[in-house]
Amino acid sequence: VVCATKGIEVDSLLTMDEILEQNLPKGQPLVTLGGPSFAKEVALGLPTAVVVASRSADANHRAAEALHGGFFRVYDTEDVTGVELGAALKNVIAVACGVSDGAGLGTNARAALITRGLSEMSRLASARGANPLTMMGLAGLGDLVLTCTGQLSRNRATGQKLGEGRTIAEILDTKQVSEGVKTAKAARELLSQAGYSGGRGL
């Protein structure tokens, strides 16, 4: 089973991998797909690189082999937690970048948000047992830059509308899903559990 769903469940604080592990038959090989990819660009056949993560080397290899080819490059890692958290948390930072852009705060502010956001993502991932270096790869920095700067980013668009003065209720009354809004609540709770309250420490 390859999971392409991103996010952290607000009530349980479980990642999609953890939720699937609870609901799939015991021993079912599970692979998480992450990394910078807008579905529209994949559908158009534009060059894309992603990452698959699994605790099973065999499942990882089979998933990578099945998905890899032509314009679509697939890398693999054992760091499921890192890929899961990178995929979820970058949406929160993208909303923040959108707010900054919508409020006209400039590219300096956006760069600061991306950089400091990556730092906080790495700290939380490390506190949750992930390899902090995963945040320097496709599942972290790659996905973060794409989602914070790309015109196809739903999360950035949501933040931009907020920055322009629209309410969250108005913005979310559409067919598009902005995962970062709910994930922000889960991320705040996870950071609190890890002893992080902002600033420099974790």
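The values are calculated or read from the model by the stated rules, or taken from the named source; none is laboratory data. As the structure is a computational prediction, the values presented were derived from the model and not from experiment. Heads up, the Cβs are rebuilt from the backbone with ideal geometry, glycines too, and the neighbour counts pull from every protein chain shown. In case anyone asks, the SASA skips ligands and DNA or RNA and just uses the protein heavy atoms, side chains included. Shrake-Rupley method; radii C 1.70, N 1.55, O 1.52, S 1.80 Å.
Here are some notes:
- Residues in the range 122-158 that are in a helix (DSSP H, G or I), more than 24 Å from residue 13 (Cβ to Cβ) and among the hydroxyl-bearing types (Ser, Thr, Tyr): 149 alone.
- From 110, 55, residue being within 30 Å of residue 162 (Cα to Cα), without any contact (Cβ under 8 Å) to a residue 40 or more places away in the chain and among the basic types (Lys, Arg): 110
- Subset of the range 79-117 that is among the charged types (D, E, K, R) and within 23 Å of residue 133 (Cα to Cα) - its residue that is farthest from the chain's Cα centre (by Cα): 110
- So residue 40, is it touching a Leu at 6+ places or on another chain (Cβ under 8 Å), open to solvent by 70 Å² or more (accessible area, probe 1.4 Å), among the charged types (D, E, K, R) and not in a loop (DSSP other than H, G, I, E, B): yes
- Residue that is closer than 28 Å to residue 26 by Cβ, of a type outside the set (A, V, I, L, M, F, W, C), open to solvent by 60 Å² or more (accessible area, probe 1.4 Å) and at pLDDT below 95, where the choices are 123, 128: 128
- When the range 49-105 is filtered for residues that are open to solvent by 60 Å² or more (accessible area, probe 1.4 Å), of a type in the set (A, V, I, L, M, F, W, C) and touching a strand residue (DSSP E or B) at 6+ places or on another chain (Cβ under 9 Å), the ones remaining, listed by number, are 57, 66, 67, 71.
- Meets criteria (touching a residue at least 24 places away in the same chain (Cβ under 8 Å), part of a loop (DSSP other than H, G, I, E, B), under 28 Å from residue 181 (Cβ atoms) and under 21 Å from the mean Cα position of the chain (by Cα)) for residue 12: no
- For the range 118-158, the set of residues classified as of a type outside the set (S, T, N, Q), over 12 Å from the mean Cα position of the chain (by Cα) and within 18 Å of residue 191 (Cβ to Cβ) consists of 120, 123, 124, 127, 128, 129, 130, 132, listed by residue number.
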